[in-house]
Amino acid sequence: MSRSIVRQSKFRHVFGQTVKAEQGYDDIRVSKVTWDSSFCAVNPKFLAVIVESSGGGAFLVLPLSKSGRVDKNYPLVIGHSGPVLDIDWCPHDDNILASCSEDCTAMVWQIPDRSLTSPISDPIVILEGHSKRVGIVTWHPTARNILLTAGSDNLIIIWNVGTGEPLITMEDHPDLIYSISWNRNGSLFCTTCKDRRLRVCDPRKREVVAERLAPHEGIRPMRAIFTRDGNIFTTGFTRMSQRELGLWDPTNFEEPIALLELDTSNGVLLPYYDADANMVYLCGKGDSSIRYFEITDEPPYVHYLSTFSSKEPQRGMGFMPKRGVDVSKCEIARLFKLLDKKCEPITMTVPRKSDLFQDDLYPDTAGPEPAMEAEEWLNGRDEDPILVSMRGGYVAPKNRELKVAKKNMLDSRPTTRRSMSALETNSLPEIISNIIFMNKLNIELNTKVTIKKKNDSYICKCSFLLILSFN
């Protein structure tokens, strides 16, 4: 009597669930630009979504806690003169965001912790080096201030945003670049291109160290990402336009480790990788489902786990870094699904009966501290990410201002001097508390304070100088 053997895995029963309606984000005008980007980026503090905008490109940045209906007049980030094509949060500072656009530029922004009260139009730095639209922007995983951009001019430029200067330019691609992914320590990156080649590049040597022609035989766009073991996971199409996935060893591109056909559909499969669990989530544009797989050392190497399905097709997707998940609910991933006019968070959970911290589900994960400086990486140093423990839940660090400039021209901002001559309020105790607060800030009141009552309100008149300094 034969008996089937079920593969043992702690992720076999992972299930997805959409959060309650009031925990979603409604009335978001998601961009309709025809570009195979995710249109969404998320970190433990913020949700950023590329939106429709007249007169240029814009994106919306919301604190994660600001769920519900979004005011149609909510301030946007509006610095680009053309549609925004891609956005990416800095892995080393949750308040720093990079964007790129059809206006041939990339920009780096500092987002305040509070909700925006007015539009942001002044980036920290503008990166100008491409002659055509810039479609890809991605941060180095371990080095501070290293940013990679790729444009329709087939150029890859690596920048030091601390100085605003290009460090490396690569011209090895003869056609449009579809995707770029760094490996775990940032020593290499892999690319997919319209010429149907998968390439592995060493940016500091400025050369292609390995390449494979047509890892997927179809002519539709491909995607590729590095796994934690150094292999490359790809998605593409067969000659008969069936979608398929593959796993490749970059040291031996002759035969794939695994190649699996999925279904017939037009949507490009966007892979999102969880390095801690060694799982891949596949989200197709126009699909209403999310498939997830586990990568192991055992045949068939890429194991199908399950599918999360919903009613409405997705326009884009955001993937939360592991340090932003809820460990108390055994949540191992959180995706943010973009629909036509809203964003729905989807939680991926491993069912466990115990309320204790699950060590096997949460190994130490990549933290926000960079492992090295930009100059060290450029000089040949490689470092894995600095890991942090997930026990007790991750606590985000305080906002750290990024100082950027041509040789530190923005290291110090000018002092803002603001003169105030009168404070008006309906509460006498409020006037007194304001004066006490100003004294705590070492504000000198140079004249006598006079308080008069006029039309059921108190007017406090004084002459003093308020000096605000930004360090």
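Just to be sure, is T149 closer than 17 Å to C100 by Cβ, in contact (Cβ under 8 Å) with a residue 40 or more places away in the chain, surrounded by fewer than 22 Cβ atoms within 10 Å (Cβ to Cβ) and hydroxyl-bearing (S, T, Y)? Please lay out each step first, then the result.
Numbers: closer than 17 Å to C100 by Cβ: yes; in contact (Cβ under 8 Å) with a residue 40 or more places away in the chain: yes; surrounded by fewer than 22 Cβ atoms within 10 Å (Cβ to Cβ): no; hydroxyl-bearing (S, T, Y): yes.
No, not satisfied.
Is it the case that some residue within the stretch 342-349 is touching a Lys or Arg at 6+ places or on another chain (Cβ under 8 Å) and assigned to a loop (DSSP other than H, G, I, E, B)? Explain how you work it out, then say what you get.
Filtering the stretch 342-349 down to residues touching a Lys or Arg at 6+ places or on another chain (Cβ under 8 Å) leaves 343-349.
With assigned to a loop (DSSP other than H, G, I, E, B) added as a condition, the list becomes none.
There is no residue in the stretch 342-349 that is touching a Lys or Arg at 6+ places or on another chain (Cβ under 8 Å) and assigned to a loop (DSSP other than H, G, I, E, B).
Sort out which residues of the stretch 206-228 are in contact (Cβ under 8 Å) with a residue 60 or more places away in the chain and not β-branched (V, I, T), and write them in order of number.
Going residue by residue through the stretch 206-228, those that are in contact (Cβ under 8 Å) with a residue 60 or more places away in the chain are 221, 227.
The one that is in contact (Cβ under 8 Å) with a residue 60 or more places away in the chain and not β-branched (V, I, T): P221.
Based on this model, can you work out whether G236 counts as under 24 Å from the mean Cα position of the chain (by Cα), part of a loop (DSSP other than H, G, I, E, B) and more than 24 Å from H13 (Cβ to Cβ)? I'd like the intermediate steps shown before the answer.
Numbers: under 24 Å from the mean Cα position of the chain (by Cα): yes; part of a loop (DSSP other than H, G, I, E, B): no; more than 24 Å from H13 (Cβ to Cβ): yes.
When the stated conditions are applied, G236 does not pass them.
Could you tell me how many of the residues in the stretch 105-135 are in contact (Cβ under 8 Å) with a residue 60 or more places away in the chain, open to solvent by 10 Å² or more (accessible area, probe 1.4 Å) and in a strand (DSSP E or B)?
The total comes to 2.
Answer yes or no as to whether S179 is farther than 21 Å from E375 by Cα, of a type outside the set (D, E, K, R), open to solvent by 50 Å² or more (accessible area, probe 1.4 Å) and touching a residue at least 40 places away in the same chain (Cβ under 8 Å). Show your work before the answer.
Values: farther than 21 Å from E375 by Cα: yes; of a type outside the set (D, E, K, R): yes; open to solvent by 50 Å² or more (accessible area, probe 1.4 Å): no; touching a residue at least 40 places away in the same chain (Cβ under 8 Å): yes.
No: the conditions fail for S179.
Please verify whether V280 is within 19 Å of V388 (Cα to Cα), within 18 Å of the chain's Cα centre (by Cα) and β-branched (V, I, T), treating the condition exactly as stated. I'd like the intermediate steps shown before the answer.
On the way: within 19 Å of V388 (Cα to Cα): no; within 18 Å of the chain's Cα centre (by Cα): yes; β-branched (V, I, T): yes.
No; evaluated as a whole, the condition is false for this residue.
A quick yes/no check of all residues on (1) polar (S, T, N, Q); (2) open to solvent by 50 Å² or more (accessible area, probe 1.4 Å):
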{"site": "L305", "(1), (2)": "no, no"}
{"site": "S309", "(1), (2)": "yes, yes"}
{"site": "F319", "(1), (2)": "no, no"}
{"site": "C330", "(1), (2)": "no, no"}
{"site": "D360", "(1), (2)": "no, yes"}
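Among the residues of the stretch 152-172, which ones are farther than 15 Å from I126 by Cα, open to solvent by less than 10 Å² (accessible area, probe 1.4 Å) and touching an Asp or Glu at 6+ places or on another chain (Cβ under 9 Å)?
I156, M170
Please enumerate the residues belonging to the stretch 56-67 that are surrounded by fewer than 16 Cβ atoms within 10 Å (Cβ to Cβ) and in contact with a strand residue (DSSP E or B) (Cβ under 7 Å, 6 or more places away or on another chain). Reasoning before the result, please.
From the stretch 56-67, those surrounded by fewer than 16 Cβ atoms within 10 Å (Cβ to Cβ) are 63, 65-66; that's our starting set.
Answer for the stretch 56-67, where residues must be surrounded by fewer than 16 Cβ atoms within 10 Å (Cβ to Cβ) and in contact with a strand residue (DSSP E or B) (Cβ under 7 Å, 6 or more places away or on another chain): just P63.
Take the residues of the stretch 89-104 that are in a loop (DSSP other than H, G, I, E, B) and not hydrophobic (A, V, I, L, M, F, W, C): which is most open to solvent (accessible area, probe 1.4 Å)? Give the derivation first.
We begin by selecting, within the stretch 89-104, every residue in a loop (DSSP other than H, G, I, E, B); these are 90-95, 102-104.
After this cut, where a residue has to be not hydrophobic (A, V, I, L, M, F, W, C) as well, the list is 91-95, 102-103.
Values: P91: 41, H92: 13, D93: 19, D94: 10, N95: 1, E102: 73, D103: 33 Å².
Among residues in the stretch 89-104 that are in a loop (DSSP other than H, G, I, E, B) and not hydrophobic (A, V, I, L, M, F, W, C), the one most open to solvent (accessible area, probe 1.4 Å) is E102.
Taking the stretch 41-55 as the search range and keeping residues that are within 18 Å of C104 (Cβ to Cβ) and crowded, with 17+ Cβ neighbours inside 10 Å, which one is modelled with the highest pLDDT? First the steps, then the outcome.
Kept after step one, since they are within 18 Å of C104 (Cβ to Cβ), are these residues of the stretch 41-55: 50, 53, 55.
Now drop any that are not crowded, with 17+ Cβ neighbours inside 10 Å, which leaves 50, 53.
Working: I50: 97, S53: 89.
Residue satisfying both the conditions and the ranking: I50.
For the stretch 27-40, what are the residues that are over 21 Å from I111 (Cα atoms) and in contact with a Lys or Arg (Cβ under 8 Å, 6 or more places away or on another chain)? Give the steps one after another, and end with the answer.
First, the residues of the stretch 27-40 that are over 21 Å from I111 (Cα atoms): 27, 32-37.
Of everything in the stretch 27-40, those that are over 21 Å from I111 (Cα atoms) and in contact with a Lys or Arg (Cβ under 8 Å, 6 or more places away or on another chain) turn out to be D27, D36.
For the stretch 246-290, which fully contained strands (runs of 3 or more DSSP E) count at least 3 residues that are open to solvent by 10 Å² or more (accessible area, probe 1.4 Å)?
The strands (runs of 3 or more DSSP E) meeting that bar are 258-264, 269-274.
Which one of the conditions (1) more than 11 Å from the chain's Cα centre (by Cα); (2) under 14 Å from W139 (Cβ atoms) does V61 fail to meet, given that it meets all the rest?
(2)
In the stretch 70-88, which residue that is of a type in the set (A, V, I, L, M, F, W, C) and in a loop (DSSP other than H, G, I, E, B) is farthest from I386 (Cα to Cα)? I'd like the intermediate steps shown before the answer.
First, the residues of the stretch 70-88 that are of a type in the set (A, V, I, L, M, F, W, C): 70, 76-78, 84-85, 87.
Of the ones still in play, those that are also in a loop (DSSP other than H, G, I, E, B) are 70, 76, 78.
Values: V70: 36, L76: 33, I78: 34 Å.
So, considering only residues that are of a type in the set (A, V, I, L, M, F, W, C) and in a loop (DSSP other than H, G, I, E, B), the one farthest from I386 (Cα to Cα) is V70.
The values are calculated or read from the model by the stated rules, or taken from the named source; none is laboratory data. Here the structure is a predicted model, which means the values were calculated and not measured. Here Cβ is always computed from backbone atoms with ideal geometry, including for glycine, and neighbour counts include all displayed protein chains. Remember, those area values only see protein heavy atoms, side chains included, never the ligands or the DNA or RNA. Shrake-Rupley method; radii C 1.70, N 1.55, O 1.52, S 1.80 Å.
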